[in-house]
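The values are calculated or read from the model by the stated rules, or taken from the named source; none is laboratory data. Bear in mind that the values here come from a model prediction, so they are computed numbers and not experimental data. Because the Cβ atoms are built from the backbone with ideal geometry, glycine has one as well, and the counts that use them run over all protein chains shown.
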Amino acid sequence: MLNGLMTIFFFSGTGGVRKIAKELEKQFKERAFRTYLYEIVYTYFKLDANEIDENVKKSRYIFVLFPIYAFDAPQPIYQWIEKTRATNKNVIVISVSGGGEVWPNIGTRFNCITALEKKGFQVIYEKMMVMPSNCFIATNDYLAMWLIKVIPEKVSKIIKAVLSGNIRRTKMKRKAMFQSWLSRKEKKGAHRLEKY
């Protein structure tokens with residue numbers, strides 16, 4: 001007997017987030033949940049948006065996973081949020097970085113969560129997962145191996161917390177609020193440079 005439906009949306013620039021999303025899918029299936037896994041790409045989706053929205057409406061929880069891009073979620077995540085017609089669902093937001101839950105990464109989920117809540121979703125859980133850094137500073141091979149090796153354990157803890165009804169929201173501090181504001185301004189300004 002199935003325990004319900006879980007839907008996982010993810011954007012993965014280099015494959016690290018895909019690895020986490022696949023582990024979530026695997027562990028939910030092991031717990032007898034029907035699970036849909038959708039990769040968000042720059043062209044939004046390759047699948048029918050109506051089918052996706054129907055699966056979201058039937059889902060017990062929606063997971064949204066993304067790497068940090070310029071201290072924020074990547075633009076395709078926002079495109080999905082803007083286009084989806086499904087709302088009023090519990091959402092879990094997982095951001096992924098090479099630095100972890102430190103400033104300036106603390107505010108990286110704020111804009112995404114705000115957009116989800118404006119759309120009518122209820123964000124009940126948020127977390128940062130650490131993967132090997134692929135920007136600015138390389139992670140040494142030994143540490144990278146261990147970060148990848150503990151993915152199943154970290155995913156299991158997230159699933160147990162969510163299924164137990166734990167609510168986990170980050171309190172925003174001034175630095176994080178400023179950083180999320182700066183990120184929004186940077187994205188708006190970057191579009192002006194596209195024509196050059």
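Scan segment 21-53 for residues that are at pLDDT below 90, of a type outside the set (Val, Ile, Thr), under 24 Å from ILE113 (Cβ atoms) and not in a strand (DSSP E or B) and the total you get is 4. Condition check for ASN166 on (1) in contact with a strand residue (DSSP E or B) (Cβ under 8 Å, 6 or more places away or on another chain); (2) closer than 22 Å to ASN50 by Cα; (3) not hydrophobic (A, V, I, L, M, F, W, C): one failure, at (2). Of ILE77, ILE81, ILE92, all but one fail to be surrounded by 16 or more Cβ atoms within 10 Å (Cβ to Cβ) and part of a strand (DSSP E or B); the exception is ILE92. Screening GLN122 with (1) more than 29 Å from GLU51 (Cα to Cα); (2) out of contact with any helix residue (DSSP H, G or I) (no Cβ under 6 Å at 6 or more places or on another chain); (3) surrounded by fewer than 17 Cβ atoms within 10 Å (Cβ to Cβ) gives one miss only, at (1). Collect the residues in segment 101-116 that are without any contact (Cβ under 8 Å) to a residue 12 or more places away in the chain and not in a helix (DSSP H, G or I), keeping them in residue-number order. Result: VAL102, single match. Scanning segment 47-64 for residues that are within 11 Å of the chain's Cα centre (by Cα) and touching a residue at least 60 places away in the same chain (Cβ under 8 Å) yields nothing.
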